[in-house]
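Everything below concerns the one structure shown next.
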Amino acid sequence: MTDSITLTVRRTIRASAARLFEAWTTPAMLKQWWGPQGVECSDAAVDLRVGGHYHLDNRLPSGEVLRIEGEFEVIEPPHTLVYSWRLGPGGSAERVTVRFEVCEGGTEVSIVHERIATEPARDQHEHGWLGCLDGLVTLLEAG
Amino acid sequence: MARRKPAGDSDDPEQQHDRVFHALADRTRRRLLAALAERPGTVSELAAPFSMSLPAVSKHIKVLERAGLVVRTVDGRLHRCSLGAAPLQQVAAWLDPYRQFWTDTLDSLARYAEQEEDEP
């Protein structure tokens with residue numbers, strides 16, 4: 001298969017890797033923090049085993065709910081998670097690798113988002129991700 | 001010194017878009033771009049780190065050239081390649097919603113987790 005577009009994002013957080021791993025894999029905790037500002041995580045389910053399914057429901061400011069879902073490929077607590085990522089019905093399978101590495105000042109969380117499909121991505125944007133982020137920008141500028 | 005017009009160039013933005021993503025959807029070509037981001041080079045210089053033939057590398061460079069990601073200048077017999085940055089900006093714009101999504105989601109995780117650390 002051809003590998004496609006990959007995005008990497010990093011952030012240092014003042015908390016232990018174990019705590020962050022737990023926050024990332026526990027539905028009750030995910031509901032409290034998951035998603036960009038303005039997006040509410042209205043439901044979360046995590047079957048934390050290789051091949052296990054997860055879903056994250058994202059309620060956009062418009063009220064529309066977008067489900068992110070997939071299956072776990074690698075689970076190595078508290079440092080590594082790899083899972084497939086499909087956004088919305090019929091979304092193509094992308095892949096997300098999350099790493100929690102101890103660093104000065106806490107834990108560096110790195111996200112590698114692979115196989116970003118170029119065509120369905122455009123549809124996703126039309127379905128509201130972009131709108132939600134536009135809303136976010138407005139919110140930040142207003143604040 | 002002459003600047004070559006990229007082969008198969010077209011003004012159709014959709015076709016241009018397809019060429020850029022096709023060009024990037026290959027590990028060797030991304031490594032070539034990374035090398036070019038450091039400094040311009042001849043085809044043989046670019047081919048040196050790869051365990052593949054010069055024609056094979058040359059073929060990859062042509063794909064990048066058609067996408068506008070590589071600009072080739074010809075000085076006598078010397079073909080020098082450099083990075084064509086404009087299409088990369090297009091890709092960056094494409095990825096921007098993803099980048100924003102993850103940056104913002106990690107901010108949210110930081111707020112949540114750091115608040116908990118502060119309130120033992």
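The values are calculated or read from the model by the stated rules, or taken from the named source; none is laboratory data. Because the structure is a prediction, the values reported are computed rather than measured. Cβ placement follows ideal geometry from the backbone for every residue including glycine, while neighbour counts extend to all protein chains displayed.
Below are the figures for this structure:
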item: Boolean, residue B:57 is away from chain A (no Cβ under 14 Å), surrounded by 18 or more Cβ atoms within 10 Å (Cβ to Cβ) and of a type in the set (Val, Ile, Thr); result: yes
item: Residue satisfying all of: in region B:25-72; among the small types (Gly, Ala, Ser), in a helix (DSSP H, G or I) and within 13 Å of the chain's Cα centre (by Cα); modelled with the highest pLDDT among these; result: B:35
item: Leading residue by the ranking (nearest to the other protein chains (Cβ to nearest Cβ)) among those in region B:73-89 that are part of a helix (DSSP H, G or I) and surrounded by fewer than 16 Cβ atoms within 10 Å (Cβ to Cβ); result: B:89
item: Qualifying positions in region B:18-32 - surrounded by fewer than 19 Cβ atoms within 10 Å (Cβ to Cβ) and closer than 14 Å to residue A:6 by Cβ; result: B:25, B:26, B:27, B:30, B:31
item: Exclusive hit being basic (Lys, Arg) and farther than 20 Å from residue B:106 by Cβ, set A:95, A:86, A:99; result: A:86
item: Every residue from region A:84-100 that is in contact with an Asp or Glu (Cβ under 6 Å, 6 or more places away or on another chain) and over 14 Å from residue A:56 (Cα atoms); result: A:95
item: Index of the failed condition, residue A:36 passing every other in (1) touching a residue at least 40 places away in the same chain (Cβ under 8 Å); (2) buried (at least 16 other Cβ atoms within 10 Å of the Cβ); (3) in contact with a strand residue (DSSP E or B) (Cβ under 8 Å, 6 or more places away or on another chain); result: (3)
item: Any pair with Cβ under 9 angstrom, 6 or more apart, that starts in region A:19-30 at a residue that is on the phi < 0 side of the Ramachandran plot and at the interface with another protein chain (Cβ under 9 Å from one of its Cβ atoms) and ends at one that is part of a helix (DSSP H, G or I) and among the hydroxyl-bearing types (Ser, Thr, Tyr); result: A:23/B:112; A:29/B:112
